[in-house]
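The values are calculated or read from the model by the stated rules, or taken from the named source; none is laboratory data. Small disclaimer: the values here were computed from a predicted structure and weren't measured. With ideal geometry, Cβ positions are generated from the backbone for all residues, glycine too; neighbour counts draw on all protein chains shown.
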Amino acid sequence: MNKIQVNRWKDQLFKIWGIGCTLVGLILLVLFIGDILIDGIMRIDWGFVMNLPSRKAEKSGIYTALMGSLWILALTTIIAFPIGVAAAIYLEEYAKKGRFSALLEINISNLAGVPSIIYGLLGLEVFVRILNLGASVLAGSLTLSLLILPIIIVATRESIKAVPSTIRDASYALGASKWQTIWNQILPASSGGILTGVILSLSRAVGETAPLIVVGALAYVPFAPSNPMEEFSVLPIQIFNWISRPQHGFIENAAAAIIILLLVTFMMNAVAVYYRNKWQKKWN
Amino acid sequence: MELVAEKNTKNFTMNKESEQESKTKISIKNARVWYGDFEAVKGISMDIKPNSVTAFIGPSGCGKSTFLRLFNRMNDYIDGFRMEGKIKIDGTNIYNKKIHVEELRKEVGMVFQKPNPFPKSIYENVAYGLKIQGISDKKVLDSRVEKALRQADLWEEVKDDLKKSALALSGGQQQRLCIARTLAVEPSIILMDEPTSALDPISTAKIENLIFGLKEKYTIIIVTHNMQQASRISDYTAFFYIGELVEYSKTKTLFTKPEKKRTENYITGRFG
């Protein structure tokens, strides 16, 4: 065998290895989803979505948990979106580039890597105890807002950076102020990227369990929350609760709830991908 | 109108003929610019005449664009930018702390190297400068948009597609749109930073014609790498070299009887 043949052989070997590695993730995901579908798909009907939780598996539904998740989603969006975008605009457009902004930048990136349960502990102390909000939807949303803020800030900064500087120059040269330039040019041009980042971070928030358990979300709530101060449950906690029950019926319920939760996050991701593509088309 | 009283022998002085024309639109006295430690403009003084086209020529990196961007303070946002000296427009020092840079830029418009229309409709592009001034009357906007597009020689081509995206226009049309956008604000000075360097010869010719017509009403300063262009369209030409003004005179004089050896070498293509 000469050298060229050896190199080709190595090339082939690596390709096969690479395919194998790619398949590990894919196969596991397919197996998981398949397993869940087999267990749960028959359980999903309108009643399952609309029923309140019950001690009997077949009468139980996810209505309260789903409503809790939607409440959390809405409030987290309202809280995290303006704060995150504003912070990103400040860092990108106003803050002087220097040691202080570099320090801020590193810390925001670090915050994105802090385990979510730590945010839960922070939320418990600050929102539940000090601000006395109790184990409410509001306390949960505030906690999750903190959790996804770094992600929103990073995503927003990236999309603001991607706006060509020629657009800024043109706006300034026509006598626009900084704020007019940001509001009329930079935000519309970067909205696709910002929206993508926000949706992806929210889909992470919807799946979070640990911080909400720490904050005091309940596994069983008799009614869906009707205002931000009420106690709540969310889908992941409901799933966790059902899985820990011995009866087989609850395992089916858990599988069915997982399907619904996956549907929600897949849909959110699909919307994010749609906006990203639309946005890229505009600029390329 | 303030006249230049003191004359630094090192700095350029206009020839006698133009000294008699006492009108000055922009007066620059000993302007220096640093970016951090780098001195990009090394003490330039010159007077720019109203209703004329002045061309800035010189090799890349000679500071001519930086110098041009002093007149509408576009360097202000660049990190490490520092400037000394005085620049007066119609007798007002534009680096005075009381000057609102937004107001200055309504008076001193700018067209850039690459056409940079906003990703909006043609109409919105031209109306932008007016809308940010708070003008919202549809009739006023319509008439000023039309006027600006006519001035920029673009009206006939786009009058039926004003709602169309500006990005759908050709490069040359986009650049004329950018000129129209600048004209709509009704400045008295227009700065052009290599406005045709990204365009084909036909589009370039159209823009040159346009510039020729515009000097009746406006004071135009154009940075160009193209010496034929400078000689075709400008009344005065300034030659820059490594942050210094080497020679500045009537275009005809500079291109036929340059005083300095370096200018001659540059315009005859021996370097640069």
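Considering B:98, B:164, B:106, the condition of being away from chain A (no Cβ under 14 Å) and within 30 Å of residue B:82 (Cβ to Cβ) is satisfied by B:98 alone. Scan segment A:196-212 residue by residue and report those that are over 12 Å from the mean Cα position of the chain (by Cα) and crowded, with 20+ Cβ neighbours inside 10 Å. Of everything in segment A:196-212, those that are over 12 Å from the mean Cα position of the chain (by Cα) and crowded, with 20+ Cβ neighbours inside 10 Å turn out to be A:211, A:212.
Under the condition of being within 14 Å of chain A (Cβ to nearest Cβ) and either surrounded by 19 or more Cβ atoms within 10 Å (Cβ to Cβ) or not in a loop (DSSP other than H, G, I, E, B) (or both), the residues counted in segment B:121-140 number 10. Scan segment A:246-284 for residues that are without any contact (Cβ under 8 Å) to a residue 60 or more places away in the chain and within 14 Å of chain B (Cβ to nearest Cβ) and the total you get is 2.
Scan segment A:74-105 for residues that are within 14 Å of another protein chain (Cβ to nearest Cβ) and under 17 Å from residue A:160 (Cβ atoms) and jot them down. Listed by number, the residues that qualify are A:92, A:93, A:94, A:95, A:96, A:97, A:101. Taking strands (runs of 3 or more DSSP E) as the structural unit, those lying wholly within segment B:179-269 and holding at least 2 residues that are surrounded by fewer than 20 Cβ atoms within 10 Å (Cβ to Cβ) correspond to B:244-250.
In the set A:66, A:52, only one residue is under 30 Å from residue A:228 (Cβ atoms), at pLDDT 90 or above, hydrophobic (A, V, I, L, M, F, W, C) and in the same structural domain as residue A:212 (by TED's automatic domain parsing); that residue is A:66. Taking the listed residues A:129, A:168, A:157, the one that is away from chain B (no Cβ under 14 Å), basic (Lys, Arg), within 30 Å of residue B:181 (Cα to Cα) and not in a loop (DSSP other than H, G, I, E, B) is A:157, with no other qualifying. Only one of the listed residues (A:236, A:225) is in contact (Cβ under 8 Å) with a residue 24 or more places away in the chain, touching a strand residue (DSSP E or B) at 6+ places or on another chain (Cβ under 8 Å) and under 26 Å from residue A:129 (Cβ atoms). That residue is A:225. Taken over segment A:84-117, the criterion of being more than 16 Å from the chain's Cα centre (by Cα), surrounded by 15 or more Cβ atoms within 10 Å (Cβ to Cβ) and closer than 16 Å to residue A:148 by Cβ is satisfied by A:87, A:88, A:108. Here residue A:214 passes the criteria (1) away from chain B (no Cβ under 14 Å); (2) out of contact with any Gly (no Cβ under 6 Å at 6 or more places or on another chain); (3) touching a residue at least 60 places away in the same chain (Cβ under 8 Å) except the one numbered (2).
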